[in-house]
Amino acid sequence: MLLQPLMMTDKPDGEGDASTLLKTRPKTKRPPLYKVLLLNDDFTPMEFVVHVLERFFGMTHAEAFEVMLTVHKKGVAVVGVFTHEIAETKVGQVMDFARRHQHPLQCTMEKEE
Ligand code: TYC
C-alpha cells in the first residue's frame, strides 16, 4: 500500500499547509482604480480651486496651490486616484460645490490603465 507524503495528509489542497503556503494566491484582488481629473476654465477663481483641493482631496495649501497652477497652465491634472465608488463621490462633491457657488469648474474621472 502507498503512503501519502507527510505534509499532504491534513488537507486536500492549499490553505494552512506549510509546504504550499507561499505558492497559494490569496483570493483578494486589487480593485480597478480611477483617476480624478480637474479641468481648467477661464472663470473659476484660483482661490476657489485651491479651496476645493484642500477640502476634498486633503491637500495642504501649498500642494493645492501647485496643483491648481498645473491645471491652470496645462489644462488638466490628476488630483487623485481612487476606487470607482470613492472617485465617483469626489467628482460629485466637487461638481455640487462648484455649482452651488456658480462656478463652471469641471471634474471628471477615468479608468487607470
Ligand atoms: N484658469 C482659472 C483662472 O485663471 C483658474 C483655474 C485653475 C480654473 C484650475 C479651474 O481647474 C481650474 N481664474
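Quick note: the coordinates plus some simple rules give every number you see, no bench work behind them. Just so we're clear, the structure is a prediction, and the values are computed from it rather than from any experiment. Here Cβ is always computed from backbone atoms with ideal geometry, including for glycine, and neighbour counts include all displayed protein chains.
For Leu105, no residue has an amide H sitting under 5 Å from its own, ignoring neighbours fewer than 5 places away on the same chain, with H placed 1.01 Å from N. For Val79, the residues 5 or more places off, or on other chains, whose built amide H falls under 5 Å of its own are Val36, Leu37, Leu38. Excluding same-chain neighbours fewer than eight residues apart, the lysines reachable from Lys27 by a Cα-Cα span under 29 Å are Lys11, Lys35, Lys90, Lys111. Residues whose amide H comes within less than 5 Å of that of Met59, counting only those at least five positions distant or on another chain, are Glu54 (H built at 1.01 Å from N in the peptide plane).
With Cα atoms as the point set, the stretch 42-111 shows a radius of gyration and Dmax of 11.3, 30 Å.
Given Val52, Ala87, Pro104, which one lies farthest toward the positive end of the charge dipole of the stretch 42-111, if we put +1 on the Cβ of every Lys and Arg and -1 on the Cβ of every Asp and Glu? About the Cα centre, the residue reaching furthest to the positive side is Pro104. What the phi angles of the stretch 33-46 give under the Karplus curve with 6.51, -1.76 and 1.60, with θ = phi - 60°, is a coupling list of 10, 10, 7, 9, 10, 10, 10, 6, 8, 8, 10, 5, x, 3 Hz, glycine and proline written as x.
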